[in-house]
Amino acid sequence: MIPFGQVTGVAAPMMAPNIDTDVIMPKMFLKGVDRSGLGEGAFNLLRFSGGKPNPDFILNQDGYRDSCFLVVGPNFGCGSSREHAVWGLQQLGIRALIGTSFAGIFNDNCANNGLLTISLEAGVLAELAQAVTDSSRNDVTIDLAAQTIRFDCGRRSIGFDIEPDRKEAFLTGRDFIASTLVVADDIRAFEARHRAENPWIV
């Protein structure tokens, strides 16, 4: 995973509730045998109309085309468990999602693939969403180490909670396998000791 320390970029508001994984990654993009081309699939039916960019979709509008954060409505990522939704968002350039709640499996898929999800109280999220609706003040800085979000041209800052293990994984860029390999020497030592103490096993 790409380590996530302090990231600054444009945030786009997508506040509709219950945006599901079929909206995020339509089913016709699930046919490939690898992850290539999923950036095109992300929000495809919203981003394009008649083969051309849909000017009504937020990520096609001036000031939002290079968004790396999405400020989203409740229960974002509901529906099927397709991991392609996360891969597509990442290929689109999205580094973090900020909302009130995320569907459970989708949230786990995000964590396992390095897409940060941040949950805020509804009132706090509304303040952030209102600010980024104005493209002249939609730059946001997420400082994961400090657990803060700075917005409104740096004039305001809010804190957020994150599980310590998940925070460590994002800061270091370690997935589950990499995190296990950190203690590989301890695992080998245990295996050697266990075989010595229980020779009948082998």
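For the range 152-175, how many residues are touching a strand residue (DSSP E or B) at 6+ places or on another chain (Cβ under 6 Å) and over 17 Å from PHE4 (Cβ atoms)?
Result for the range 152-175: 2.
Have a look at ALA178, ALA192 and point out the one that is aliphatic (A, V, I, L, M) and farther than 26 Å from MET1 by Cβ. Even if it seems obvious, please write down each step before you answer.
Values: ALA178 fails: farther than 26 Å from MET1 by Cβ.
It is ALA192.
Can you tell me which of CYS78, CYS110 is closer than 20 Å to PRO3 by Cα and open to solvent by less than 40 Å² (accessible area, probe 1.4 Å)? Show your work before the answer.
Values: CYS78 fails: closer than 20 Å to PRO3 by Cα.
Just a single option satisfies the conditions, and that option is CYS110.
Restricting to the range 170-179, give me the number of residues that are open to solvent by 70 Å² or more (accessible area, probe 1.4 Å) and of a type outside the set (Lys, Arg). Before the answer, list the steps.
Step one: filter the range 170-179 for residues open to solvent by 70 Å² or more (accessible area, probe 1.4 Å), giving 174, 176-177.
From the residues that got through so far, the ones that are of a type outside the set (Lys, Arg) too are 176-177.
Number of matching residues: 2.
In the range 127-136, which residues are within 13 Å of SER67 (Cα to Cα) and buried (at least 17 other Cβ atoms within 10 Å of the Cβ)?
Within the range 127-136, VAL132 is the sole residue that qualifies.
(1) open to solvent by 70 Å² or more (accessible area, probe 1.4 Å); (2) within 22 Å of ALA131 (Cβ to Cβ); (3) touching a helix residue (DSSP H, G or I) at 6+ places or on another chain (Cβ under 8 Å): which one isn't true of PRO17, the others all being true?
Among (1) open to solvent by 70 Å² or more (accessible area, probe 1.4 Å); (2) within 22 Å of ALA131 (Cβ to Cβ); (3) touching a helix residue (DSSP H, G or I) at 6+ places or on another chain (Cβ under 8 Å), PRO17 violates only (3).
Which of the numbered conditions does LYS167 fail, given that it passes all the others? Conditions: (1) assigned to a helix (DSSP H, G or I); (2) open to solvent by 50 Å² or more (accessible area, probe 1.4 Å); (3) in contact (Cβ under 8 Å) with a residue 12 or more places away in the chain; (4) over 23 Å from ASP20 (Cα atoms).
Condition not satisfied by LYS167: (2).
Name the helices (runs of 4 or more DSSP H) wholly inside the range 1-120 in which the number of residues that are β-branched (Val, Ile, Thr) and in contact with a Lys or Arg (Cβ under 8 Å, 6 or more places away or on another chain) is 1 or more.
Values: elements: 21-24, 38-41, 44-47, 84-91, 104-113.
Counting at least 1 such residues, we get 21-24.
The values are calculated or read from the model by the stated rules, or taken from the named source; none is laboratory data. Computed from a predicted structure; not experimentally measured. All Cβ positions, even for glycine, are placed from backbone atoms using ideal geometry, and neighbour counts span all protein chains on display. The accessibility values were calculated without ligands, DNA or RNA, using every heavy atom of the protein model including side chains. Shrake-Rupley method; radii C 1.70, N 1.55, O 1.52, S 1.80 Å.
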